Structures are given as C-alpha cells and as structure tokens.
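Novice: Have a look at this one before I ask anything.
The values are calculated or read from the model by the stated rules, or taken from the named source; none is laboratory data. Remember, it's a predicted structure, so these values are computed and weren't measured experimentally. Backbone-built Cβ (ideal geometry, glycine too); neighbour counts: all protein chains shown.
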Amino acid sequence: MFKKRKKKQENYLDYIPKKSDRIDWKEKEDGLIQIIIYRDSLFEKIVRKLFFTPDKYKLDLDEMGSFIWKHIDGKRNIYEIGQLVENEFKDEAEPLYERLAKFMNLLINNKFIEFK
C-alpha cells in the first residue's frame, strides 16, 4: 500500500507581509497612517466621468492599525509583529492574534499587502 505524504502544515503566523507597490500611503501629522487608493480601472474611470466621483479615496487607520502598518516591512512575520503589538498595547490588543489575523486578512483581501 502507498502511504500518503502528510502535507506540512503552514502556520499563518510565519507569513511575512509586504506592502503592495500599488498602494500609496502617508503618515499624517498625528502619526496615524492614511492609505490612498486610486480608482484607475476602466470601469472606475467611466463611473468617475458619469457620477463625478473622486479619482482616489483615503482610508484612515486607527492607532493600532497604523502601528501594525508601520511594522509591515517585508522582513517581520505576523508573529513578530504580534509581539510588537502586545508590547505596545498590552491588554488593549487582546485577543491579539485573532484581531491581527482579521486585520491582515482585510489588508490582503483589499490588495494592500501580499505575503512573501
């Protein structure tokens, strides 16, 4: 009989997030991060002409989101970022890794980051 090879379990905390090159962002005077999303697809250009919508929109991150964004450098994995968040925000960050995973999923689903 053939034995099935066990697939190595990937640990989400080992993933290394990297900011997308297609996203612009800036740090505001208050230290919080603002992500700038351009509406430049063909469909969005047509909608902009018809409905006079802006060519970009801005997403303001809160204090914890901004802290996490600043530490996404393409070198640290999610676990390491979580440790930094825990040191900075203590009990306020709990449940830490559940919240961090949801935030990372939000960033990846919106193509703000990618995993190396």
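Novice: Give the residues of the stretch 35-69 that are closer than 21 Å to F89 by Cβ and surrounded by fewer than 15 Cβ atoms within 10 Å (Cβ to Cβ), sorted by residue number. Working first, answer last.
Specialist: First, pick out the residues of the stretch 35-69 that are closer than 21 Å to F89 by Cβ: 35, 59-69.
Residues satisfying the conditions are L59, D60, D62, E63.
Novice: Looking at this structure, is K90 exposed (fewer than 14 other Cβ atoms within 10 Å of the Cβ) and either on the phi > 0 side of the Ramachandran plot or β-branched (V, I, T) (or both)?
Specialist: Working: exposed (fewer than 14 other Cβ atoms within 10 Å of the Cβ): yes; either on the phi > 0 side of the Ramachandran plot or β-branched (V, I, T) (or both): yes.
Yes.
Novice: Sticking with this one: When the residues of the stretch 16-33 are narrowed to those that are surrounded by fewer than 16 Cβ atoms within 10 Å (Cβ to Cβ) and either assigned to a strand (DSSP E or B) or of a type in the set (F, W, Y) (or both), which ends up nearest to the chain's Cα centre (by Cα)?
Specialist: Within the stretch 16-33, the match that is nearest to the chain's Cα centre (by Cα) is K18.
Novice: Can I ask one more? Hey, among the residues in the stretch 38-72 that are touching a residue at least 24 places away in the same chain (Cβ under 8 Å) and of a type in the set (V, I, T), which one's farthest from I113 (Cα to Cα)? Spell out how you get there, then give the answer.
Specialist: Residues of the stretch 38-72 that are touching a residue at least 24 places away in the same chain (Cβ under 8 Å), as a first pass: 58-66, 68-70, 72.
Applying the additional criterion that residues be of a type in the set (V, I, T) yields 68, 72.
Details: I68: 12, I72: 9 Å.
Applying the filter and picking the extreme gives I68.
Novice: Say we look at the stretch 34-75 and pick out the residues that are among the β-branched types (V, I, T) and part of a loop (DSSP other than H, G, I, E, B); which of these is modelled with the highest pLDDT?
Specialist: Checking each candidate, the answer is I72.
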